Amino acid sequence: QVQLVESGGGLVQAGDSLRLSCAASGLTFSMYTMAWFRQAPGKEREFVAASKWSSSTPYYADAVKGRFAISRDNAKNTVYMQMNSLKPEDTAVYYCAASRSWVIVSARNYDYWGQGTQVTVSS
């Protein structure tokens, strides 16, 4: 049984930093693209960042490029996202997801999801 468990969310002020973690079990972690999505109230779930199993090059949404950094530790079956210079518009529930698809920005291509962790950025 595959499980993805996120942690690290919280309430911070604009300009602060947070580090999200996602611990995976029940899958061959090194063979999956791992990604972060987010969903704000009243909005669709959107792609934030991804780390492909087949490439060391990370992928980012334009809205977070230069502020967020995704990384993975295959030995620990864990993916991280360092979030710096947080803005109020980053407020959302952040989800970890795993995929074997080559198409990484669409949520429909992800096989497994975590339960989400809330990030709230106050102005």
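The values are calculated or read from the model by the stated rules, or taken from the named source; none is laboratory data. Since this is a predicted model, take the numbers as computed values, not measurements. We place every Cβ from the backbone using ideal geometry, glycine too, and count neighbours over all the protein chains shown. Protein only, heavy atoms only, side chains kept; ligands, DNA and RNA dropped before computing areas. Shrake-Rupley method; radii C 1.70, N 1.55, O 1.52, S 1.80 Å.
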Restricting the search to segment 31-45, which residues are exposed (fewer than 15 other Cβ atoms within 10 Å of the Cβ) and within 16 Å of Q118 (Cβ to Cβ)?
-> A40, P41, G42, K43
Flagged pairs (Cβ under 6 angstrom, 6 or more apart or on separate chains; first in segment 37-53, closer than 16 Å to T78 by Cβ; second assigned to a strand (DSSP E or B) and of a type in the set (G, A, S)) are A50/A35
Can you find a residue in segment 55-70 that is modelled with pLDDT of 95 or more, touching a Phe, Trp or Tyr at 6+ places or on another chain (Cβ under 6 Å) and open to solvent by 30 Å² or more (accessible area, probe 1.4 Å)?
-> no
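Please enumerate the residues belonging to segment 1-30 that are open to solvent by 70 Å² or more (accessible area, probe 1.4 Å), outside any loop (DSSP other than H, G, I, E, B) and farther than 12 Å from C96 by Cα.
Passing the criteria: L11, Q13, R19.
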Would you check which residues across segment 77-123 are touching a Phe, Trp or Tyr at 6+ places or on another chain (Cβ under 9 Å), assigned to a helix (DSSP H, G or I), of a type outside the set (S, T, N, Q) and open to solvent by 30 Å² or more (accessible area, probe 1.4 Å) and list them?
-> A107
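Each row is one residue, and each column tells you yes or no for (1) under 14 Å from A24 (Cα atoms); (2) of a type in the set (S, T, N, Q).
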| site | (1), (2) |
| --- | --- |
| K43 | no, no |
| T57 | no, yes |
| F68 | no, no |
| R72 | yes, no |
| Q82 | no, yes |
| T120 | no, yes |
